[in-house]
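Below: the structure, in structure tokens.
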Amino acid sequence: MPLNCSSSASRVPHILGGLKTTATTRVGGGGVLFNFFNKTHQNNSLCIASLPLNKRNDSQRFCLSSSSSVMEGIKDSGFSTQEIEKYSKELDIAVRAVQMACSLCQKVQESLISKTNSQVQAKDDNSPVTVADWSVQATVSWILSETLGSRSVAIVAEEDVQTLSKPDSAGLLEAVVQTVNDCLAEAPRFGLKAPGTILGSTEVLEAISHCNSAGGPSGRFWALDPVDGTLGFVRGDQYAVALALIEDGEVVLGVLGCPNYPMRKEWLSYHHRYHRIISKLTPPTSESWDKGCVIYARRGSGEAWMQPLIQGHKKLVWPNSATPVRVSTVENPALATFCEPVEKANSSHSFTAGLAHSVGLRKQPLRVYSMVKYAAIARGDAEVFMKFARAGYKEKIWDHAAGVLIIQEAGGVVTDAGGCPLNFSKGMYLEGLDRGIIACAGVKLHEKIIKAVDASWNSSSL
């Protein structure tokens with residue numbers, strides 16, 4: 001049975017994400033204000049999703065029928081300038097760390113494309129994992145621990161050291177250690193401090209193992225997906241490095257590194273190998289960069305930013321030509337582009353195709369690996385992302401945290417299929433998710449899709 005934010009309510013979200021208000025009354029930038037119209041009692045009730053978890057009830061969502069109570073709750077959930085600025089250091093370090101991670105990934109991907117080797121392994125769920133996955137996790141873990149203090153840094157991440165610790169994985173571990181040290185040696189180029197000595201296998205394994213936080217509703221922890229979309233990565237296509245800071249169950253910082261994201265929207269639908277050939281024939285102008293970017297946002301700022309990847313031997317000088325990004329203003333479904341996962345293993349293409357047709361989406365879907373889909377919506381290159389997992393599949397927080405915040409701060413909407421915000425306070429998984437995930441550039445498209453899901457869900461096989 002689908003979970004609703006308000007019993008017997010038709011869900012009509014009114015989104016304030018990205019709307020700049022005074023510091024003491026901010027609701028936007030990661031907050032979603034839902035107005036539910038109770039058809040039975042004919043009274044309006046408001047579900048406040050932007051309140052910190054310690055100010056919500058046990059269900060994480062509560063409704064207020066009194067307008068005075070609503071305003072009081074909004075004031076309580078506001079972010080002061082001091083509160084926003086307290087994340088400045090963390091955001092600066094996170095962006096630099098993701099820049100470094102993207103540089104590492106580019107080098108490893110080129111190696112994977114140019115030759116076949118044994119640096120791709122299979123996890124228990126048969127999804128691939130590469131030298132880049134472990135190396136990025138070790139690198140980011142080391143950077144966060146060294147710059148913020150290892151005792152104060154908790155990290156939830158995807159990879160563990162079981163495979164690397166096996167006796168027959170000595171060669172693989174050696175490759176990871178070498179990759180990590182090569183990357184960290186370039187830390188000064190990204191404005192970070194390099195290790196005093198070369199890290200050994202023990203230190204690298206410890207850095208990976210340090211990412212052992214279980215998450216939860218209280219405290220502060222980082223959520224890291226070292227290579228989101230590993231299948232796209234090994235195929236030479238789209239992938240992302242995703243890093244988010246979560247505090248008391250709320251995502252407060254989000255950074256997405258998209259090394260193969262083309263700066264020309266139309267190239268998104270082409271395989272990266274084709275794009276590499278075309279880009280050589282049409283080199284970028286001096287005012288633009290060819291491909292690769294880092295997109296980031298801070299909760300409560302009402303802004304999302306994009307900066308190019310550091311290429312060659314250049315140094316990162318903040319803000320590194322950063323430009324603001326905003327979601328698309330397209331509201332007509334016939335003109336909208338929707339994204340969905342490439343693989344059918346954990347998403348139903350047939351159901352999303354039916355939904356797209358029912359709401360008037362006529363363009364071919366943009367099937368992209370990884371959280372690059374979130375980046376596409378935040379940058380205005382697409383308007384809708386829908387994912388409806390097959391039975392038994394559980395969404396992990398590191399696959400969504402950074403992208404959700406970035407879209408919200410860029411002015412977009414992200415909820416589950418019941419119209420409720422995603423809950424990052426329940427550990428490693430998005431527990432209580434109502435059927436699927438819907439991200440939209442605008443409220444009108446979001447409303448139509450929510451209604452279409454309700455109308456067609458019972459006839460689906462999910």
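The values are calculated or read from the model by the stated rules, or taken from the named source; none is laboratory data. Keep in mind that this is a model prediction, so the values were computed, not measured. Note that each Cβ is placed from the backbone with ideal geometry, even for glycine, and that neighbours are counted across all protein chains shown. Heavy atoms of the whole protein, side chains included, go into the accessibility calculation; ligands, DNA and RNA do not. Shrake-Rupley method; radii C 1.70, N 1.55, O 1.52, S 1.80 Å.
Structural remarks
- R0 of 41 Å, Cβ-Cβ distance Arg362-Ser201: FRET efficiency to nearest 0.05: 0.15
- Accessible surface, per residue, of region 332-462 when the full set of protein chains is kept, probe 1.4 Å, Å²: 32 Å²
- Mean sequence separation of contacting Cα pairs (under 8 Å, at least six apart), scaled by the length of region 401-462, corresponds to a relative contact order of 31 percent.
- Carbon plus sulfur fraction of accessible area for region 205-258, probe 1.4 Å, in percent: 46 percent
- Ranked by the mean number of other Cβ atoms within 10 Å of their residues, highest first, the peptides 416-423, 104-111, 136-143, 312-319 fall in the order 136-143, 416-423, 104-111, 312-319.
- Judged by the mean number of other Cβ atoms found within 10 Å, the most tightly packed of the peptides 194-203, 247-256 leads the ranking 247-256, 194-203.
- Under 5 Å between amide hydrogens, built in the peptide plane, is the criterion, and for Gly191 it picks out Leu316 among residues at least 5 positions away or on other chains.
- For Ala304, nonlocal amide neighbours, meaning residues 5 or more places apart or on other chains whose placed amide H falls under 5 Å from its own, are Val325.
- With a Förster radius of 60 Å applied to the beta-carbon distance between Ser165 and Glu331, the computed FRET efficiency rounds to 0.70.
- In a fully extended conformation the segment linking Lys193 and Arg264 would gain 22.1 nm over its present Cα-Cα distance, using 0.36 nm per residue.
- Think of each Lys and Arg Cβ as +1 and each Asp and Glu Cβ as -1; about the Cα centre, that makes the dipole of region 328-457 roughly 300 debye.
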